[in-house]
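Data first, discussion second: the structure below is written as structure tokens.
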Amino acid sequence: MPDTANSDTNLPYALRAYSREDLVGALRKMFLIRKFEEGAEDSYTRGLIHGTMHLSIGQEASAVGSCMSLTDADKITSTHRGHGHCVAKNADLGRMFAEFFGKETGYCRGRGGSMHIADVEKGNLGANGIVGGGLPIAVGAALTAKRLGTGAVTICFFGDGANNEGAFHEALNMASVWKLPVVFVCENNKYGMSTSIERSTSVKNIADRAVAYSMPGVTVDGNDFSAVTEAVDAAVARARAGEGPSLVENLTYRWRGHSKSDRNRYRTKEEIAEWMERDPIRRMADLLVSHDILSEAEVGALEAETEQEIRDAIAFANQSPAPLIEDATRFVYTEEMA
Amino acid sequence: MPDTANSDTNLPYALRAYSREDLVGALRKMFLIRKFEEGAEDSYTRGLIHGTMHLSIGQEASAVGSCMSLTDADKITSTHRGHGHCVAKNADLGRMFAEFFGKETGYCRGRGGSMHIADVEKGNLGANGIVGGGLPIAVGAALTAKRLGTGAVTICFFGDGANNEGAFHEALNMASVWKLPVVFVCENNKYGMSTSIERSTSVKNIADRAVAYSMPGVTVDGNDFSAVTEAVDAAVARARAGEGPSLVENLTYRWRGHSKSDRNRYRTKEEIAEWMERDPIRRMADLLVSHDILSEAEVGALEAETEQEIRDAIAFANQSPAPLIEDATRFVYTEEMA
Amino acid sequence: MNAMDTPEARELSYAEAIREAMDIALESDPRVVLMGEDIGVYGGAFQVTGDLVHKYGTDRVMDTPISELGGAGVAVGAALTGLRPIFEFQFSDFAALAMEQIVNQAAKLRYMLGGAVSVPLVMRFPAGSGTGAAAQHSQSIEAWLAHVPGLKVVQPSTPEDAKGLLLAALEDPDPVMIFEHKILYKSKGLVPAGHYTTPIGKAAIRRAGTDLTIVATSIMVHKALAAAETLAAEGIEAEVIDLRTVRPMDRETVLASVRKTGRLLCVYEGVKTLGVGAEVSAMVAESDAFDFLDAPIVRLGGAECPIPYNPDLEKAVVPQVPGILDAARALAKGRI
Amino acid sequence: MNAMDTPEARELSYAEAIREAMDIALESDPRVVLMGEDIGVYGGAFQVTGDLVHKYGTDRVMDTPISELGGAGVAVGAALTGLRPIFEFQFSDFAALAMEQIVNQAAKLRYMLGGAVSVPLVMRFPAGSGTGAAAQHSQSIEAWLAHVPGLKVVQPSTPEDAKGLLLAALEDPDPVMIFEHKILYKSKGLVPAGHYTTPIGKAAIRRAGTDLTIVATSIMVHKALAAAETLAAEGIEAEVIDLRTVRPMDRETVLASVRKTGRLLCVYEGVKTLGVGAEVSAMVAESDAFDFLDAPIVRLGGAECPIPYNPDLEKAVVPQVPGILDAARALAKGRI
Ligand SMILES: Cc1ncc(C[n+]2csc(CCOP(=O)(O)OP(=O)(O)O)c2C)c(N)n1
Ligand SMILES: Cc1ncc(C[n+]2csc(CCOP(=O)(O)OP(=O)(O)O)c2C)c(N)n1
Ligand SMILES: [Mg+2]
Ligand SMILES: [Mg+2]
């Protein structure tokens, strides 16, 4: 929740809006996401993880910054590239790894894996294997909030590629017509798999499409924690006030390939290197250090601490039991079918 | 084809762009559409027509005006409310009635009916029972034209209601990214069935959405033949020149209910009466009379002539044979399946 | 529940019975919302929602834009978070636009999330031919959804069941797909007043018989019953089973009947190949009832073509009473 | 055509064989275009298109936006007007987004227009489980499309057929849907060079046998053949039929085999209920081959659940060789 921890208007928004504790917590989450995904990558290489996964390394500011003003009562819908959202929404890392390892202690009891990870208690309605799949679902969650008067806001994460799905159009239109408390957060990392925005999308910025839904649309530097927070917090506040949906576009970049099978033929090493220079975590750390919120040493300690958390989480997952084969068809129905 | 029959720039566009013969032909087609649909309505009442149908009475200027600069090599995709488009694209009225009467001589050999009427020879790829169904198909036709270098343009008709389908979004985006020779003509008659634009659509004018596809978008008085022609001709010329797609919105109104089962609970008698005042046919006739292209008497004669044509067409349809029951499963495959 | 025994049963049409169920649900459960195209002031394309919007307002009876995929997805998201949406497709054919939300999301969410959620969603699909609306407005695609674990699929054939199955669907924590036959909307029958449920997953024996079993769905139940009357006059006693639920299928009722009669005729309107009757047939052919079969299992389904517009062709491509009679007579030959 | 007899046959993978077919088509027919997500420089999610974009350019090998419905519709419109599109879905699961264009448009246009058009469209669907990609990326939904008149549906199991069926599909004036199994992409086999076609609508007897008939599709053909080897060692001779085409089904090949063996086992990966095996079973049960059946018709299909992520569960929910062996042994009991 944004408070007005500091009212000096020369300060970046986040430093004005959030307490030291919140800010350090945010940096900590960004580290956790990075380390979590590095840990997942490493586990994959060691054969502990089956299938594929989509890493969001380089996009941490978008996930954490967008969720800053949410409570556990607020919802998010996430994407195939959803580990960051999950951590940002306070998931347990052990249960996340357990899911990746296909264990019964995982968030989906090993049935879902990386592409379906969810944490309903914390308001994360789930990653989605279908590009654009979460868009109308988010609108539905917002409809519930409005009808039942819960005051909850839903953040709908989606990618630049997803914005060309019909579901995007239908979802934004309905959210606007019905004035629902939902914030559409586009994580524009320049590519949908191998296909660049230029080759797939008839506008330069996804936010340019907001006008077609009569909602505010804003494009921000998605690697700038404060900029993300400022834009999304305003949209969340608007939603909470009953003024309807908004579209926020976070310009960011994924350092890794699209998935484990990406041969990286569609972008240059230079482009990747350039974006690695804009590391959102380093920038957040610099922000906090330059404003005397943390020292470099404290940043280092924080990072080390998160590494340990990841090791513990992996250990938990490793030690967890696998689902029983006999249970393969459980959870299809709520009351098991005769 | 627009020629520069008259270069006096104070004249309405259509009078400058088209010859007397073309203009009289256009009025004639508008009468034919009106009489055709009145004939269909009457035949329905007499039980000659099965099922339902969607009349476009009141929208004739949109159909005829939009197709003015097309040749038979150019394509259109039409909608459930497609009789006008079909006539505008030079269909044979006898075969149209025959289709409505379910006869073997009909455009679809009685298999399709009003909602699937097509005239492929003349470039009409067909009405469509699926709202929005024709949008991507039109883009595909334009892709063919571009790949094979045929120079053909495709006009894609669709309604205001259709613009909320995901297919609209996906189709316009692809047409724009690939710069295809297609013109999207929205016939905005204020309602999708019973649901008004205000209750269904997050923009005031459908053309406001063109910006989301970086294409020109223009809204015109769809009951003004010249205004429609001016806007669509420009878009067709642009498409033909290889400059890509456009969106033209014709504001119009259907006098009749949505279909035969409409109880008209969602609009007022006053609204209908007001729009009947703006009768596109009367306006076109007035235009031609006021510019000495036709006399009132000639207009009357033209109208009477079209009435006779309709009677003849109905007679043809009536006398035509029905399909053979044994042939019910013909035409599923091109080479009949074993 | 048998309508005959219920003092407060009244004659209602199938559409009225469905509306009554929705009315009861809206009245008694604030979480229930209706969503669909033109279900408000228009009353629905088939006048099923009728005047409900006047009683409950546009917040509870919501006209959606023409956005089947998005609309279905909104219903999924709403169901996931606490509402109880009843989503009406204007024609079941338009489900083709929403298969992703129905199949990839609604049906699978509970499983994919390891049981952490359920999706209490009801969808209504006006289905079938006979209205002259041709190929894109006349399909019977219940087999697609019945192929999908996570969904339940029902096809009421009577006003009583139409109401009871809808109320049962609303009590079900999982997504229930209701295929309603358009031609049945005006058909009448006795319907108990008030709240009751018809169990999902239970077939109904509509007519007892000993010579052959006819398993029919939806409108075909009525055609099968009409045929059975004629057959009885010829001395052939057909047992007519109304399958009612396609998934999960009531195996026991069907198998018990086949064990008794030794002959099975499946009658359904959907395309024959891979239609519901394919499953009924295969289910019997792999069961212990196989040994009781005295003749091949016969299927009468829709012809292998889209539904044509011409009314005579339209009738010709789905099973009709004379075809059922011919098939039943041929099947019963040797038996009597 | 039998690859063994053909001097110029080389060992290729299933993916390479498909690519070779597309290469031949692009080379010889200027109307052919490939469309799909990431089929250009990325080479396709499963590297099936590979480097074709470098040879033919982005006008012939077109990356589409992530717009399955629209993309499929563009392909329909292109096919209708003179191109010969080969449309790749990245995963067959995403067909759920495009069912409207596939089913309501492509399949029905010719019929609805009384034969005035045809839609020479080829669609490719990477299908099936085994990749750890869970419920939304592992389905086998060929039964949906095989239920739809107007479509043809094939499931090649070998590199040779993968190439030959694709080339046949391109010569077919009607829409042909090709379900390719992802796990087969890397499997190798002899593939004739140059142009040839594998007939659509013809099953292949992969192994002759007398004791039971196994009708299998796609990857299950290989599992059935593996099981047949073990069975042979036990003295049970299974005839293994690779169905190859689901619609139109090669009834005669299946029926002739069942008349000979008297026992039928259907093995398919799709969900058992209303999967392809339901049709095979029902087709046999209603045929004259019924009288030759000595035992119930057994189906081994996918379990009634979405595909789980955990690899052991994932294996457990689709038929595997041990399960086929058990079913075949039980079925053959009494025969030998
Ligand atoms: C409906 C659908 N189409 C295609 C895919 C395959 N796919 C998975 S992620 C992806 C790219 C998505 O791009 P974007 O939305 O920009 O998200 P990013 O991966 O860049 O985070 C594609 C094509 C899918 N999962 N679902
Ligand atoms: C996909 C789909 N959804 C719903 C319908 C039912 N329907 C037919 S026409 C129509 C209204 C269409 O409105 P609009 O696009 O404005 O065209 P108009 O009827 O006003 O000409 C509806 C809802 C349909 N045929 N197809
Ligand atoms: Mg992206
Ligand atoms: Mg309209």
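The values are calculated or read from the model by the stated rules, or taken from the named source; none is laboratory data. All values derive from a computational prediction rather than experimental measurement. Neighbour counts are summed over all protein chains in view; Cβ atoms, including those assigned to glycine, are modelled from backbone coordinates with ideal geometry.
Summed over the stretch C:121-140, residues that are surrounded by 24 or more Cβ atoms within 10 Å (Cβ to Cβ) and either within 16 Å of ligand 1 (Cβ to nearest atom) or more than 7 Å from every other protein chain (Cβ to nearest Cβ) (or both) total 12. Say whether the condition of being within 14 Å of chain A (Cβ to nearest Cβ) and either within 20 Å of C:Arg31 (Cα to Cα) or within 16 Å of ligand 3 (Cβ to nearest atom) (or both) is met by at least one residue in the stretch C:101-108. Yes, the conditions are met somewhere in the stretch C:101-108.
For (1) over 24 Å from A:Asp160 (Cα atoms); (2) in contact with an Asp or Glu (Cβ under 7 Å, 6 or more places away or on another chain); (3) surrounded by fewer than 19 Cβ atoms within 10 Å (Cβ to Cβ), each residue gets a yes or a no:
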{"residue": "A:Lys260", "(1), (2), (3)": "no, no, yes"}
{"residue": "A:Glu274", "(1), (2), (3)": "no, no, yes"}
{"residue": "A:Leu294", "(1), (2), (3)": "yes, no, no"}
{"residue": "A:Val299", "(1), (2), (3)": "yes, no, no"}
{"residue": "A:Glu307", "(1), (2), (3)": "yes, no, yes"}
{"residue": "A:Ser320", "(1), (2), (3)": "yes, yes, no"}
{"residue": "A:Phe331", "(1), (2), (3)": "yes, no, no"}
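Please enumerate the residues belonging to the stretch B:141-159 that are more than 10 Å from chain D (Cβ to nearest Cβ) and in contact with a Lys or Arg (Cβ under 6 Å, 6 or more places away or on another chain).
Once the filter is applied, which keeps residues that are more than 10 Å from chain D (Cβ to nearest Cβ) and in contact with a Lys or Arg (Cβ under 6 Å, 6 or more places away or on another chain), the stretch B:141-159 yields only B:Val153.
Reported count of residues in the stretch D:274-295, each being buried (at least 24 other Cβ atoms within 10 Å of the Cβ), in contact with a strand residue (DSSP E or B) (Cβ under 7 Å, 6 or more places away or on another chain) and free of Cβ contacts under 8 Å to residues at least 40 places away in the same chain, is 3.
So which of B:Ile272, B:Ile197 ends up being within 30 Å of A:Lys204 (Cβ to Cβ) and within 15 Å of ligand 4 (Cβ to nearest atom)?
B:Ile197
Every residue, every condition in (1) more than 16 Å from ligand 4 (Cβ to nearest atom); (2) farther than 30 Å from B:Asp312 by Cα, yes or no:
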residue: B:Met96; (1), (2): yes, no
residue: B:His116; (1), (2): yes, no
residue: B:Gly123; (1), (2): yes, no
residue: B:Arg147; (1), (2): yes, yes
residue: B:Ala152; (1), (2): yes, yes
residue: B:Asn163; (1), (2): no, yes
residue: B:Lys190; (1), (2): no, yes
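Does the stretch A:85-97 contain at least one residue that is among the acidic types (Asp, Glu) and within 18 Å of the chain's Cα centre (by Cα)? The answer is yes, given that some residue of the stretch A:85-97 is among the acidic types (Asp, Glu) and within 18 Å of the chain's Cα centre (by Cα). Across the stretch B:105-117, the qualifying residues are those that are under 15 Å from the mean Cα position of the chain (by Cα) and in contact (Cβ under 8 Å) with a residue 24 or more places away in the chain, and the one among them that is nearest to ligand 3 (Cβ to nearest atom) is B:Met115.
Is it true that some residue in the stretch D:152-166 is outside the structural domain of D:Ala278 (by TED's automatic domain parsing), buried (at least 24 other Cβ atoms within 10 Å of the Cβ) and either more than 14 Å from the chain's Cα centre (by Cα) or of a type in the set (Lys, Arg) (or both)? There is at least one residue in the stretch D:152-166 that is outside the structural domain of D:Ala278 (by TED's automatic domain parsing), buried (at least 24 other Cβ atoms within 10 Å of the Cβ) and either more than 14 Å from the chain's Cα centre (by Cα) or of a type in the set (Lys, Arg) (or both). Please work out if A:Val24 is under 11 Å from the mean Cα position of the chain (by Cα), aliphatic (A, V, I, L, M) and modelled with pLDDT of 95 or more. The answer is no for A:Val24. Identify the residue in the stretch A:246-263 that is in contact with a strand residue (DSSP E or B) (Cβ under 9 Å, 6 or more places away or on another chain) and within 14 Å of another protein chain (Cβ to nearest Cβ) and, among all such residues, is farthest from ligand 2 (Cβ to nearest atom). Restricting to residues being in contact with a strand residue (DSSP E or B) (Cβ under 9 Å, 6 or more places away or on another chain) and within 14 Å of another protein chain (Cβ to nearest Cβ), the top hit is A:His258.
Applying the selection to the stretch B:199-232, what residues are outside any strand (DSSP E or B) and of a type in the set (S, T, N, Q)? If you could, list the steps in order and put the result at the bottom.
Keep residues of the stretch B:199-232 that are outside any strand (DSSP E or B), which gives B:199-216, B:222-232.
Within the stretch B:199-232, B:Ser200, B:Thr201, B:Ser202, B:Asn205, B:Ser214, B:Asn223, B:Ser226, B:Thr229 qualify.
The stretch B:82-165 holds helices (runs of 4 or more DSSP H) entirely within its bounds, and those carrying 3 or more residues that are surrounded by fewer than 24 Cβ atoms within 10 Å (Cβ to Cβ) map to B:93-100, B:134-148.
The combined condition, being away from ligand 2 (no atom under 16 Å from the Cβ) and more than 25 Å from D:Thr49 (Cβ to Cβ), is fulfilled by D:Gly115. What about C:Gly201, is it surrounded by fewer than 24 Cβ atoms within 10 Å (Cβ to Cβ), outside any helix (DSSP H, G or I) and either more than 14 Å from chain D (Cβ to nearest Cβ) or on the phi < 0 side of the Ramachandran plot (or both)? When the stated conditions are applied, C:Gly201 does not pass them. Taking the listed residues C:Ile307, C:Ile241, C:Ile324, the one that is of a type in the set (Val, Ile, Thr), closer than 29 Å to D:Ile141 by Cβ and more than 14 Å from chain B (Cβ to nearest Cβ) is C:Ile241, with no other qualifying.
Restricting D:Ile39, D:Ile86, D:Ile18 to residues that are over 30 Å from B:Gly113 (Cβ atoms), away from chain B (no Cβ under 12 Å), in contact with a Pro (Cβ under 9 Å, 6 or more places away or on another chain) and surrounded by 24 or more Cβ atoms within 10 Å (Cβ to Cβ) narrows the list to D:Ile18. Within the stretch B:177-188, residues that are of a type in the set (A, V, I, L, M) have Cβ atoms under 6 Å from residues that are within 16 Å of ligand 1 (Cβ to nearest atom) in these pairs: B:Val177/A:Ser202, counting only partners at least 6 apart in sequence or on another chain.
Within the stretch B:119-145, residues that are at positive phi reach partners that are among the acidic types (Asp, Glu) with beta carbons closer than 9 Å, at six or more positions or on different chains, in the pairs B:Gly123/B:Asp72; B:Gly123/B:Asp74; B:Gly126/B:Asp119; B:Gly132/B:Glu165; B:Gly132/D:Glu100. B:Thr52 fulfils the conditions (1) facing another protein chain (nearest Cβ under 8 Å); (2) in contact with a strand residue (DSSP E or B) (Cβ under 9 Å, 6 or more places away or on another chain); (3) surrounded by fewer than 24 Cβ atoms within 10 Å (Cβ to Cβ) except for a single criterion, (2). Just to confirm my filter: which strands (runs of 3 or more DSSP E) fall fully inside the stretch D:238-318 and include at least 2 residues that are of a type outside the set (D, E, K, R), farther than 30 Å from D:Asp174 by Cα and in the same structural domain as D:Ala328 (by TED's automatic domain parsing)? Filter on the stretch D:238-318 gives D:264-271, D:298-302. Which residues, counting only those in the stretch A:189-211, are closer than 21 Å to A:Ile155 by Cα and touching a residue at least 12 places away in the same chain (Cβ under 8 Å)? Once the filter is applied, which keeps residues that are closer than 21 Å to A:Ile155 by Cα and touching a residue at least 12 places away in the same chain (Cβ under 8 Å), the stretch A:189-211 yields A:Asn189, A:Lys190, A:Gly192, A:Asn205, A:Ile206, A:Ala207, A:Arg209, A:Ala210.
When you go through B:Ala162, B:Ala127, B:Ala171, B:Ala138 one by one, which is the residue that is away from chain A (no Cβ under 14 Å), within 15 Å of ligand 2 (Cβ to nearest atom) and more than 17 Å from C:Ala134 (Cβ to Cβ)?
Result: B:Ala138 is the single residue among B:Ala162, B:Ala127, B:Ala171, B:Ala138 that is away from chain A (no Cβ under 14 Å), within 15 Å of ligand 2 (Cβ to nearest atom) and more than 17 Å from C:Ala134 (Cβ to Cβ).
Quick one: in the stretch B:202-217, of everything that is within 7 Å of another protein chain (Cβ to nearest Cβ) and β-branched (Val, Ile, Thr), which residue is farthest from ligand 3 (Cβ to nearest atom)? It comes out as B:Val203.
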